[in-house]
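Let me begin by presenting the structure, written as structure tokens, before commenting on it.
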Amino acid sequence: MSLEERREADGRICEYVYALQKSLGGSVCIYNSLPDEADVGGATKRLLREGAEIYMPVMRGGDIRLVKVGGSTKFCKGDYGISEPEGEELDPAGVKIDLCITPLTAFTSGGGRVGRGKGCYDRFFAVCPCIKAGAAYACRYVEGVELQSHDVPVDIMITEEGIVRAEDLK
């Protein structure tokens, strides 16, 4: 994808992320992207302006902790080069998350997620039940990826082409 195509795709993905959160309501966990991931920052900013309850992940020793963010939250580079919020780090098991938007490097049928291979989101989802939505560019769909027993699929896929229930991905 060219830079222009990515910007356009990111804008559409943000619109879908925003619409999904507004239709479901409740709290949302949403990521800050790395350069090769779908950029959902526009949706985050819009939801913050509207007063949504937003948490962002911070990586600690290979596990995810959560920080509740607001308009004045400061950010710094984290363990993996990701811009992470500063603030009280919460155990995800004690936080009610309704929707989690997770980054994907690729995805496959049935909601299979391909991430960075560290299992961070698999462990997170094991202790933080929520609706799991993966954000990725449509061109990142791959077939034939064999998932392992510990891999937790997403419920919903969000691409620039729309929102799809994972069970409808074939």
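The values are calculated or read from the model by the stated rules, or taken from the named source; none is laboratory data. Computed from a predicted model, the values in this text were never measured in an experiment. A quick note on method: Cβ atoms are made from the backbone with ideal geometry, for glycine too, and the neighbour counts reach across all protein chains shown. In case anyone asks, the SASA skips ligands and DNA or RNA and just uses the protein heavy atoms, side chains included. Shrake-Rupley method; radii C 1.70, N 1.55, O 1.52, S 1.80 Å.
Numerical summary
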| item | result |
| --- | --- |
| Boolean, Ser83 is of a type outside the set (D, E, K, R), modelled with pLDDT under 95 and closer than 19 Å to Ala135 by Cβ | yes |
| Test for Tyr18: is it open to solvent by 20 Å² or more (accessible area, probe 1.4 Å) and of a type in the set (Phe, Trp, Tyr) | yes |
| Matching strands (runs of 3 or more DSSP E) fully within the range 31-143 where at least 1 residues are open to solvent by 70 Å² or more (accessible area, probe 1.4 Å) | 54-60, 63-69, 75-77 |
| Filter result (modelled with pLDDT under 95, farther than 13 Å from Ala133 by Cα and touching a strand residue (DSSP E or B) at 6+ places or on another chain (Cβ under 8 Å)) within the range 1-28 | Gly26 |
| Count of the range 86-108 residues which are modelled with pLDDT of 90 or more, over 14 Å from the mean Cα position of the chain (by Cα) and not acidic (Asp, Glu) | 7 |
| Some residue of the range 150-165 being open to solvent by 40 Å² or more (accessible area, probe 1.4 Å), under 16 Å from the mean Cα position of the chain (by Cα), free of Cβ contacts under 8 Å to residues at least 60 places away in the same chain and closer than 20 Å to Gly11 by Cα | yes |
| Residues satisfying the stated conditions in the range 55-90, i.e. in contact with a Lys or Arg (Cβ under 7 Å, 6 or more places away or on another chain) and more than 21 Å from Lys45 (Cβ to Cβ) | Gly62, Asp63, Glu89, Leu90 |
